[in-house]
1. Straight-line reach from Lys81: which lysines have a Cα under 27 Å away, not including same-chain ones fewer than 8 places off?
2. On full extension of the chain, what length is gained from Val131 through Lys163, given 0.36 nm per residue of separation minus the C-alpha to C-alpha distance?
3. List the lysines whose Cα lies under 30 Å from the Cα of Lys175, skipping any in the same chain that are fewer than 8 positions away.
4. Any lysines with Cα under 20 Å of the Lys190 Cα? List them, leaving off those in the same chain fewer than 8 positions away.
Amino acid sequence: MSLSINLGRLSGLVLPRLPEIKVRLSIPNPFGSTTSTPSTPSTRVLSPELQQRLQDYLDNRSVEESFFIDNGLLKAVPKKKVSHQRKRTKQLKSTLKQLPILHHLNRCPSCGHTKRANTLCMHCVSQIKNVWKEDLRLKNGGSGDVIEQELDPIDKKILYPGKKQSEYEEALEKKDYIDRRTRTLPISRK
């Protein structure tokens, strides 16, 4: 539904009913016929001054006043979830912000997996990595973990300096500055 219909319904609920006001402008007909006299008592001819003021108001009325009320357009809100196909076509259409389609794909000559041209096959790389890990495990005597050497405390401070705390930060860590409420005495139940 359009916004103007919805606003009309809301105004009918909120505002009290007012009697209809009918205004008839007597504008001369360019085709030569004269203005007819009003036949009903509810319509009457306005004074020339009032006609002129009303006509000026209608001519000089800004477009912004009535744009959101009587344009019949809805705000742009999605009605349904965008489908996967439509989303992919948006992403892959010919614009500067598209996802590039990879045309330089090959098969690895050793294992047959798909890979980019002029690069190493990631499947083969992972296999080589596993072989090296196995060799390292056998060299270390069966344990798969890498043996780390013990460092002197001086070497540790040089290699891993860490964060040096100021006296103020050390005092904050002690938390002696926080006032704590004394605990109540335990109640013995009889």
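Each reported figure results from applying straightforward, stated rules to the coordinates on display, with no laboratory input. What you see is a predicted model; the values in this text were computed from it and never measured.
1. The qualifying lysines are Lys90, Lys93, Lys97.
2. 7.6 nm
3. Output for Lys175: Lys156, Lys157, Lys163, Lys164.
4. Within the straight-line cut-off, Lys190 pairs with nothing.
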